[in-house]
1. If I stretch the segment between residue 348 and residue 274 completely, what's the gain in nm (0.36 nm per residue apart, minus their alpha carbon distance), one decimal?
2. How far apart, in nanometres, would the label points at residue 309 and residue 206 be if each is projected 7 angstrom from Cα along the Cα-to-Cβ direction?
3. Can you give me the C-alpha center-to-center distance between region 47-95 and region 233-272, rounded to a whole angstrom?
4. Just want the ordering: 291, 120, from fewest to most Cβ atoms lying within 10 Å of their own Cβ.
5. Under 27 Å between alpha carbons, and skipping anything fewer than 8 positions from residue 134 in its own chain: which lysines qualify?
6. Starting from the Cα of residue 386, draw a straight line to each of the lysines and keep only those under 28 Å, dropping any in the same chain fewer than 8 residues away.
7. Rank these for me by crowding, 330, 358, going from fewest to most other beta carbons within 10 Å.
8. At 7 Å along the Cα-to-beta-carbon direction for both residue 213 and residue 391, put a label point, then send me their distance in nm to one decimal.
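Coordinate-derived values only; no laboratory data. In this text, all values refer to a predicted model and were calculated from it rather than measured experimentally. Note that each Cβ is placed from the backbone with ideal geometry, even for glycine, and that neighbours are counted across all protein chains shown.
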Amino acid sequence: MSRIVVGPFNRVEGDLEVSLDIENGQVSSAQVNSPMFRGFERIMQGQSPMDALVYTPRICGICSVSQSVACAKALADLMKVDMPPNGELAINLLLANENMADLLTHFYLFFMPDFCRDVYADKPWFNEVNARFKATQGRAAQAMLPARAEFLHLMGIMAGKWPHTLSIQPGGSAKPIEPQERIRLLAIIGSFRRFLEEHLFGANLDEIVQLDSIAALNRWRDQADWGQSDFRTFLHISDDLGLAELGRGTNQFLSFGNYALQGEKLFKAGAYLHGERQALAPEMIKEDLAYSWMQGPAEPQHPTEGVTEPSLDNPDAYTWCKAPRLNGHVVEVGAIARQFINGHPLIEALVAQRGANVESRIIARMLELAIVIPQMQEWVKQIDPKGDFCYRGALPKEGSGVGIVEAARGSLGHWLSVSGGKISHYQIIAPTTWNFSPRDQDATPGVLEQALVGAPVIAGEKEPVSVQHIVRSFDPCMVCTVH
């Protein structure tokens, strides 16, 4: 047996290091290290509760709206304030704008360039894929980046700026939408939809949403040449390289649900454990410090009681990341969890066939783009420029609140307590904290650590390409992981 350490990874938000034990040409064990401690949870203590809306978006520059929304929801829970319908629509649009931009960016700039590596130079598809997806040089990025930039103009109209917008409030959005702005928003989303239909899918989004089985997906794929669209190109490469056999996770999922409107969510909340669907039970979430550079109680704690006290005294530790568990179980979060929990038949079929893997995670992201963009168009049409966009509320001197939301990468939760009018406790569990967690007190590996086992390693590889594909299939955001 031999050991190699892979990292730092390029095209990853933040620092990441993975230690791999190699035996008989494949990974036999993995340890995932989040090597950067930041301390936002400690910074929050003693601050005014509303100041959390300034601090928490700065946890990350690419998912700052998600952090803002989770924080605003926690404050709303503390203040017992609701949102008017316009406020819900505005928050949904802002969150979806960031999430969909993230999904698109991951596919074009983070994931697909790995197929331009020299190891694939003998593949019959390599030259075309290299010309289209090579990092910083490919044709795909030249078309995608302007489309993404125009799409994010929605954020400018509705929130003033991105990242770190301050328009998101506990009672809704501080920025009302004028009638002429609704027209501009529809034009922006419509233009982005055309990019997806012309370049990413080569098909109408409704056609993608209606793919309800693996057979239907394969029939759609085979209706045109593999180079006809970027999604077809991915499916062709995946079939050739066997990506559906790579990076299988726990097949246990968690989703907080997303895009609430008048008591209903576009994506349902829930969990999938031991082959059974379950209602969401946030009270069953606990964080384990057994293999983290942290000190605290020996037993796992719920975030309302958890602490963030860095310490290098734990001899078993190998990461700054805690190990969150749902009722003691390792669960995967992200687009595949959202769409499985929401009951989309294609994702259910893919999981039933081979579980969560490199291929099915990417398909779930693409499917989510096709679902959400048309919904964004409907949300804009429902905005009433004459109505309220934000309700006011009073901050109590004592109390607590919880804010849970789905970021692009998965389930994000903020838990806060207030004492004497100041924040006395603040804990965050980010999506990559779930997926890139270390072992727990039972020595059970986290999601990525399990997914890496069995990955093939070619003799002499220092950065195994299979490991690169598996890691990127989760779209890690390491700066959020330890926040």
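1. Values: separation 74, 0.36 × 74 = 26.64 nm, distance 1.51 nm.
In short, 25.1 nm is gained.
2. Those two pseudo-labels are separated by 5.9 nm.
3. Rounded to whole Å, the Cα centres lie 24 Å apart.
4. Working: 291 23, 120 17.
Final ranking by Cβ density, sparse to dense: 120, 291.
5. The reachable lysines, counting only those whose Cα sits under 27 Å from residue 134, are 123, 462.
6. 73, 80, 161, 175, 265
7. On the way: 330 23, 358 26.
In increasing order of surrounding Cβ atoms, one gets 330, 358.
8. 4.6 nm
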